Amino acid sequence: MDGFSVVVREIADLRQGNGPQQGYVIYSKGSDQLVVRIDGMVTTTMKDDRPNTIFEGKYEFVSGTGALAGNEGEGTYSGYFKSEDDYHVDWEGMRWGGKDKAAE
């Protein structure tokens, strides 16, 4: 989704760094927008006396507007925190439908 801005709205119910996570990831560029629902787990372990937090779960497309209207998709995601305010996420799954290939 090159050139799109990304907003993450999520909540995690953690006890000692572990627990469920759910929310939405919103991709947008102009009038094109894609809303993706996420549902997963957060796990924190200690590594070299520092917390090592990872997360993984499933995602599904909820809605799209503009060139992304009619897009459908689902799959899995996994990621990890690189620092207190920086993280990496990998997405794997399928996408179908839509008006054009704006998201590719």
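The values are calculated or read from the model by the stated rules, or taken from the named source; none is laboratory data. Computed from a prediction, not measured in an experiment: that's the story for all the values here. Quick reminder, even Gly has a Cβ in these numbers, built from the backbone with ideal geometry, and neighbours come from all protein chains shown. The accessibility values were calculated without ligands, DNA or RNA, using every heavy atom of the protein model including side chains. Shrake-Rupley method; radii C 1.70, N 1.55, O 1.52, S 1.80 Å.
Descriptive notes on the structure:
- Residues within the stretch 1-31 that are open to solvent by 70 Å² or more (accessible area, probe 1.4 Å), under 18 Å from ALA67 (Cβ atoms) and under 10 Å from the mean Cα position of the chain (by Cα), tallied: 1
- Tally, over the stretch 64-85, of residues that are in contact (Cβ under 8 Å) with a residue 24 or more places away in the chain and farther than 15 Å from GLY97 by Cα: 5
- Members of the stretch 32-47 found to be within 16 Å of VAL62 (Cα to Cα) and exposed (fewer than 15 other Cβ atoms within 10 Å of the Cβ), listed by number: ASP39
- Residues in the stretch 73-93 that are at pLDDT 95 or above and either acidic (Asp, Glu) or more than 13 Å from the chain's Cα centre (by Cα) (or both): GLU74, ASP90, GLU92.
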